[in-house]
Amino acid sequence: MGLKVKKFILCVVSAALLVSNALFAFGMQATAASEGRYSGYGDGISTYATTISSETVYFTDYNIAKTEIVNGVPAYLPANNLTNGCGAVAGAEIVGFYDKFYEDLIPDYRTYLPSSGRYLSNDSVHIPKVMWEMYSLMRTNVDDVGVSESDCLNGLKAYVNLKGHNLAYDNVKKNGKLDEATLLNCFSNNIPVIMFCNRIDQYAMSFSPNEATINCSNYTTSGHIIVAFGMHIIDYYNGNVKFRTDKYVKAVTGMSNLKENYFKLEENWCNSAYSVTIN
Amino acid sequence: MSRESDFHKLIESQDTESKEEVWKKLESRLTEESSDIVVGVGEVGVLAKKFSRKSRNIIISVAACLLVAGLVLFIIFNPFRNNLPNIRYCTVNDYRIDEVEITIKDYAIENSPKILYFDDYTEFEYCVDKQYKLKDTNEIIGLHEELYSLNGAFINIYVTDNLTDLDVAHLISNNCNKSLKLDNMHIIWGSYEPISYAQFEYDGYLYYLSADYPEDNEYVLKLVEELLS
């Protein structure tokens with residue numbers, strides 16, 4: 001075989017190897033990106049917020065249309081030493097919510113006040129026990145820091161199945177966006193939504209008769225899991241003219257300084273979201 | 001340059017003897033670093049005082065060095081520094097939360113009579129108390145009471161000393177954007193129905209309250225009044 005031919009073959013083989021390696025690396029990266037990690041509060045979220053914006057909206061009238069699960073969902077905080085446990089906290093919140101209807105989900109413990117149906121915060125025994133079980137079932141900190149989405153969902157489902165119940169997930173994102181109608185339908189039907197977030201923006205709002213102050217602060221996170229239970233749609237008017245509409249998803253966050261938060265619907269903070277139905 | 005050419009023309013316009021004298025003077029003056037150039041030619045007099053670029057740069061450099069040195073010395077030996085209180089910011093990484101059987105009232109009576117508390121627990125259907133304790137020293141840095149009132153209000157109250165900034169308190173303080181005076185106390189508060197929020201300082205302690213009560217968007221202010229009474 002002539003030298004030129006050998007060189008040609010070598011070039012072709014090298015090029016083929018290069019292309020296949022590039023494709024392989026891209027494929028691996030794509031896989032890794034779709035299975036991001038959620039490491040939550042404490043180690044996973046900065047405990048300092050950075051103010052992004054502060055605005056005052058002036059109006060003659062406003063209207064807040066609230067669609068919320070009746071009595072919301074429990075706003076739990078991580079059990080002591082539950083490192084990177086946002087998946088476990090979110091799972092416990094969902095189970096704590098459904099325990100009102102299926103009391104064997106958390107045996108020997110009532111998660112709500114009977115007189116009002118209002119959910120209680122963590123106790124020191126039963127809810128931490130649920131969290132630690134979830135922590136293990138979700139394989140937290142096994143492959144890497146925190147949980148992956150699939151481990152979180154599988155772990156929650158495993159816990160519910162172990163208690164003799166069924167769990168179904170439905171995607172509430174359509175065309176890459178949170179679907180407003182689907183979310184409203186969930187909350188109207190008392191179905192919580194678990195959400196996998198890539199950022200936490202805190203919206204703190206305070207209303208006076210003719211003005212509202214809206215402060216937005218950001219908590220740095222590599223990934224966090226929350227449970228949504230409501231949507232607020234706020235319309236602002238000057239006279240009869242509606243000049244602005246803000247839409248917020250209301251959720252419990254498992255963060256001690258941000259137990260409940262409002263997330264702006266149209267902003268891109270949510271990687272994925274699923275309604276959770278247990279029966 | 002136009003000024004120089006005017007100057008040159010002015011000198012050249014004089015008679016030969018004066019002109020030569022002036023040029024000699026100019027040449028000798030130009031060799032000095034700073035000079036008063038006075039040219040009296042006819043009725044024209046020009047006085048100009050110049051510093052050379054080199055001496056100007058030296059002065060600026062010395063002044064800058066003195067300023068920096070002064071700032072450094074001030075930072076090191078700041079006479080006010082030791083008098084400023086050190087406020088500690090505590091987060092979930094620093095503390096643990098223990099549920100306890102001791103109400104804020106019991107704790108105040110036993111440990112710190114300055115702490116304000118709700119006096120009549122029979123008003124509440126439900127009361128859970130928690131203490132925030134530093135992980136390394138077990139020091140109690142915050143008290144939290146969660147109450148469900150017989151009238152249907154869901155209340156949270158957090159108490160810390162005024163040298164502790166507890167992260168959990170920010171969920172209340174972030175929602176406070178109005179201020180008022182109650183019993184001569186400066187109260188910061190806010191509301192986003194149905195929840196109202198308030199914070200204030202009293203006798204060395206910080207108080208953070210939230211009240212979830214659809215019947216009254218300002219219910220938290222009634223709670224503050226009750227604490228202060």
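The values are calculated or read from the model by the stated rules, or taken from the named source; none is laboratory data. Nothing here was measured: the structure is a model prediction, and the numbers come from that model. In this analysis, Cβ positions are derived from the backbone assuming ideal geometry, glycine residues included, and neighbour counts consider all displayed protein chains. The area values use the complete protein model at the heavy-atom level, side chains included, leaving out ligands, DNA and RNA. Shrake-Rupley method; radii C 1.70, N 1.55, O 1.52, S 1.80 Å.
Table for the structure above
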item	result
Accessible area (Å², 1.4 Å probe, nearest 10) - residue B:186	100
Neighbouring partner chain Cβ atoms per residue of A:106-117, average, 10 Å criterion	1
Integer Hz, Karplus 6.51/-1.76/1.60 couplings in order for region B:54-71, x for Gly and Pro	5, 5, 5, 4, 5, 4, 4, 5, 4, 4, 5, 4, 5, 5, 5, 4, x, 5
Solvent exposure ordering (accessible area, 1.4 Å, most first) of B:106, B:183, B:216	B:183, B:106, B:216
Amide hydrogen neighbours beyond the local backbone of residue B:142, cut-off 5 Å, H modeled	B:132
In Hz, Karplus ³J(HN,Hα) per residue of region A:173-180 (6.51, -1.76, 1.60; θ = phi - 60°; x = Gly, Pro)	9, 10, 6, x, 10, 4, 8, 4
Whole-Hz couplings from phi, Karplus 6.51/-1.76/1.60, listed for region B:91-97; x for Gly and Pro	10, 4, 6, 9, 10, 10, 10
Per residue accessible area in Å² of region B:132-229, where ligands, DNA and RNA are left out and the probe is 1.4 Å	38
Residues residue A:10 and residue A:189, FRET efficiency given R0 of 60 Å [Cβ-Cβ distance, rounded to 0.05]	0.40
Spin-label model distance (nm) - residue B:165 vs residue A:102, 7 Å beyond Cα toward Cβ	4.5
For B:187-198, mean number of other protein chain Cβ atoms within 10 Å	3
Rounded percent of accessible protein surface that carbon and sulfur make up, region A:171-226, 1.4 Å probe	43
Number of partner chain Cβ atoms within 10 Å, mean per residue of B:130-138	1
Sites residue B:136 and residue B:52 - FRET efficiency at Förster radius 41 Å, r taken between beta-carbons, to 0.05	0.05
Ranked order, A:130, B:92 - accessible area, probe 1.4 Å, largest first	B:92, A:130
Low-density loop positions, chymotrypsin sites (Phe, Trp or Tyr not before Pro), region A:81-133 - DSSP coil, at most 11 other Cβ in 10 Å	A:101
Protection-proxy order for peptides A:197-203, A:171-177, B:198-204, each taking the mean of Cβ atoms within 10 Å per residue, highest first	A:197-203, B:198-204, A:171-177
Neighbour cut-off at most 16 other Cβ (10 Å), DSSP loop, GluC sites (Glu not before Pro), region B:129-165	B:139
Chymotrypsin sites (Phe, Trp or Tyr not before Pro) lying in DSSP loop within region B:78-173, provided at most 13 other Cβ fall within 10 Å	B:80
Interchain or long-range residues, amide H under 5 Å from residue A:172's placed H	A:273, A:274, A:275
Protein heavy-atom accessible area occluded, B/A pair - total, 1.4 Å probe, Å²	2700
FRET efficiency for residue B:67 and residue A:169, using Cβ-Cβ distance with R0 set to 41 Å, rounded to 0.05	0.05
With Cα atoms, 0 to 90° folded angle of helix A:126-137 axis to chain A main axis	10
Solvent-accessible area per residue, Å², over region A:156-279 with all protein chains present [probe radius 1.4 Å]	36
